[in-house]
Amino acid sequence: MTQQKKKGLPTIFELVNVTKSFPGVLALDNVSLRIKKGEILAILGENGAGKSTLMKIISGLYQPTSGEIRINEEWFRDTSSESRNLVTTKILNPREGMKLGTGMVYQHFQLVEPFTVVENITLGKEFTYNFPISSRGGNKFSSILMNNKLAIKEIKELSEKFGLPLNPNSIVEDLSVGLKQRVEILKQLYRDAELLILDEPTAVLTPSEVVELFKTMNALKKTGKSIIFISHKLKEPLAIADRIVVMRKGAMVGEILPKDATEEVLAEMVVGRKVLQKLDRESFKSKNIVLDVQNLSVYDPISESLAVNNISFKIHKHQIVGIAGVQGNGQTELANALVGLRKTESGSIFFNKQDGVVLDLINKSTLDTLNSGVAYIPEDRTTQGLILDFQITENTWLGFHNAYKVNENSGKMKEETSSFIKWLENTKARLLLPIKKMDKLANSIVDQFEVMTVSIYSRVKNLSGGNQQKVLLGREFAKQPELIIASQPTRGVDIGVMEKVHQELINRRADGAGILLISSDLDEVLKLSDYILVLFDGKIAGHGNIDELTLPQISQLMTTGREVEEIKKEVTT
Ligand SMILES: Nc1ncnc2c1ncn2[C@@H]1O[C@H](COP(=O)(O)OP(=O)(O)O)[C@@H](O)[C@H]1O
Ligand SMILES: [Mg+2]
């Protein structure tokens with residue numbers, strides 16, 4: 001026995017050759033996995049790899065088509081147990097899973113928004129006094145019946161123990177996303193979960209909330225709880241996991257310890273081929289200014305304050321200017337103001353075209369701005385960038401039906417010069433869609449961007465998020481833009497697609513475009529940008545060339561709007 005002890009922690013849960021098929025899809029293909037007591041196991045994999053399906057099998061929501069689940073029956077009753085006996089089990093539903101000790105925090109929260117924190121946490125597991133329901137019944141009465149005091153006490157203890165501060169009486173709909181996630185985690189702990197499953201928990205969190213979550217995960221691990229942590233960001237498992245397993249196309253393709261792994265190694269395991277982590281980028285030093293923004297302010301009627309507060313910056317030809325910042329510091333309003341989707345309060349926006357024409361974008365409509373050589377990648381592709389019910393061909397033609405005509409030879413866009421021909425084209429284009437040209441453009445975009453689709457006539461809503469993004473980028477870049485406003489260009493896409501998007505942005509930079517990159521992914525901003533602006537509370541808190549700013553400096557500016565030195569000075573005086 002002592003020898004076994006030395007081998008490390010006991011396995012508490014095991015999946016053996018588990019297969020799960022849905023009509024037409026093999027979601028899990030012969031997957032085997034062991035989960036040990038008190039470990040943080042990270043599962044990495046692209047969208048559709050089968051991670052969530054596997055978790056639903058562990059939690060009892062799905063039954064495997066074939067294969068076995070084995071559990072160590074003692075681990076959830078006696079957390080100090082060293083038992084190594086695994087027993088074949090069936091987990092017929094989540095309630096049974098819960099009884100065994102599995103607790104799942106879903107990608108999409110399962111909370112009752114108008115209820116309080118304590119009501120959500122105790123839902124279905126309320127302490128009640130055994131009063132017969134009287135004629136006074138009704139909703140209000142049930143909260144008198146429920147022994148909330150006891151629940152609140154227990155919840156407070158759990159919050160403190162695991163570093164999850166929360167007010168039990170807050171209404172859930174008033175909470176930030178990060179706090180809602182805390183409620184979900186507490187709910188599982190309240191149900192004595194010993195194996196916690198966190199399905200892409202960091203996708204919705206700010207960088208500082210991620211740090212808090214990781215602290216909580218470590219605190220949970222210290223008390224012997226096991227955690228399965230799903231992510232598709234490579235850095236996170238390296239930072240927090242004890243062990244990393246990788247899934248691809250429904251199969252388990254590898255296992256590695258963080259000490260043996262690097263981001264490059266993980267990327268290759270996830271994608272199944274070498275992924276360029278470093279982009280080859282020429283250095284450019286152009287004096288030509290593409291975009292000149294001066295003293296721009298945007299008023300936000302909801303908060304009754306300036307969402308963008310008197311900011312000025314320039315973007316040069318061949319330059320990527322990255323905006324770093326925690327979401328909600330004016331990024332969205334800035335992007336919208338630049339393309340005319342939002343009224344500006346004051347300031348100027350000048351777009352210097354390569355042919356010498358200077359356009360004042362403040363006074364232009366969105367359509368005119370976009371038709372003047374500006375590509376716009378909106379942060380929400382599904383509502384602002386694409387029409388989901390339309391086919392790929394129709395989506396890639398959006399915007400071109402007005403002022404552009406396809407140059408037959410290159411398949412790319414060219415502005416017509418003769419106003420008569422332009423009129424003719426426009427009229428024709430409006431009356432009759434030029435199907436052949438549309439198909440040609442769609443085909444070239446599908447080829448160039450490697451859009452995975454059955455056909456160019458597929459509806460965009462049937463594509464995965466990553467492939468939708470490629471359609472959008474393909475259309476915007478087909479304009480041969482001189483200025484690109486890219487807002488969260490890789491949100492929710494896989495590593496493979498991300499690499500593609502990054503490479504395309506670098507290519508457009510080489511072509512001479514000026515690019516504004518807005519991203520809440522700081523790694524992305526650091527990787528692509530030539531120049532960085534840190535946005536905090538609608539103002540530029542700091543800026544500089546990529547090689548002048550350090551990471552701690554940027555993080556500090558992002559979270560406080562100030563340099564460390566400034567704060568130190570204030571504290572000491
Ligand atoms: N309920 C379902 N019905 C049909 N297909 C499903 C269902 N759930 C998942 N799938 C399919 O199974 C595969 C794996 O999906 P999922 O487990 O959600 O992947 P991941 O969480 O790794 O992104 C995908 O092809 C997905 O479309
Ligand atoms: Mg998933």
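The values are calculated or read from the model by the stated rules, or taken from the named source; none is laboratory data. Computed from a prediction, not measured in an experiment: that's the story for all the values here. Methodologically, a virtual Cβ is constructed for each residue, glycine included, from the backbone with ideal geometry; neighbour enumeration extends over all protein chains shown. Accessible surface is based on the protein model in full, side chains and every heavy atom, while ligands, DNA and RNA are left aside. Shrake-Rupley method; radii C 1.70, N 1.55, O 1.52, S 1.80 Å.
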The summed charge of the Glu268 Cβ neighbourhood (under 12 Å; Lys/Arg +1, Asp/Glu -1) stands at 0
For Arg562 and Ser286 in one chain, what is 0.36 nm times their gap in residues minus the Cα-Cα distance, to one decimal in nm? 96.4 nm
In terms of the Cα gyration tensor, with a ≥ b ≥ c the square roots of its eigenvalues, is the chain rounded because a/c is under 1.5, prolate because a/b exceeds b/c, or oblate? prolate
When DSSP assigns beta bridges and you keep just the ones with both residues in the chain, what percent turn out antiparallel, to the nearest 5? 60
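Counting only other residues whose beta carbon sits under 10 Å from that of Gln63, what net charge do I get with K and R as +1, D and E as -1?
Details: positive: Lys20, Lys56, Lys90; negative: none.
Charge balance in the 10 Å sphere: +3.
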Let me check something: with ligands and nucleic acids excluded, how do Leu186, Leu257, Leu175 order by accessible area (1.4 Å probe), largest to smallest? Leu257, Leu175, Leu186
With all protein chains present, calculate the accessible area of Ile171 using a 1.4 Å probe and round the result to the nearest 10 Å². 60
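Would you calculate, for the chain, the mean residue ellipticity at 222 nm contributed by helices, counting each DSSP H stretch of 4 or more residues as -39,500 (n - 2.57) and dividing by all residues, to the nearest 500?
Numbers: 21 runs with 203 residues, N = 573.
Rounded to the nearest 500, the figure is -10500 deg cm²/dmol.
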Of the trypsin sites (Lys or Arg not before Pro) in segment 353-383, which ones lie in a loop per DSSP and count no more than 16 other C-beta atoms within 10 Å? Lys353
Please calculate the 1.4 Å probe accessible area of Lys440, with all protein chains present, and give it to the nearest 10 Å². 100
Overall dimensions of segment 434-573 by Cα: Rg and Dmax, Å: 19.1, 72
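Please state, to two decimals, what the Cα-based radius of gyration of segment 459-507 comes to when divided by 2.2 N^0.38 Å (N = residues).
Working: Rg = 10.7 Å, N = 49, 2.2 N^0.38 = 9.7 Å.
Normalised Rg, Cα atoms only: 1.11.
Using Cα pairs under 8 angstrom and six or more residues apart, how large is the relative contact order of the chain, in percent?
On the way: 1072 pairs, mean separation 76.9, N = 573.
Relative contact order comes out at 13 percent.
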By the gyration tensor of its Cα atoms, with a ≥ b ≥ c the square roots of the eigenvalues, what is the shape of segment 171-304: rounded for a/c under 1.5, prolate for a/b over b/c, or oblate? oblate
Past 25 Å, Cα to Cα, is the threshold; run Lys51/Lys235; Lys56/Lys156; Lys314/Lys461 against it and keep the listed order. Lys56/Lys156; Lys314/Lys461
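Take the Cα atoms of segment 15-119, build their convex hull, and give its volume per residue in Å³. Walk me through the numbers before you get to the answer.
On the way: hull volume 14.5 nm³, N = 105.
Dividing the Cα hull volume of segment 15-119 by its residue count gives 138 Å³.
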In debye, nearest 20: dipole of segment 289-572 around its Cα centre with unit charges on the Cβ of K, R (+) and D, E (-)? 1000
Keeping all protein chains in the complex and leaving out DNA, RNA and ligands, what accessible area do you get for Tyr376 with a 1.4 Å probe, in Å² to the nearest 10? 20
Convex hull (Cα only) mean projected area of segment 247-333, reported in nm² to one decimal: 10.4
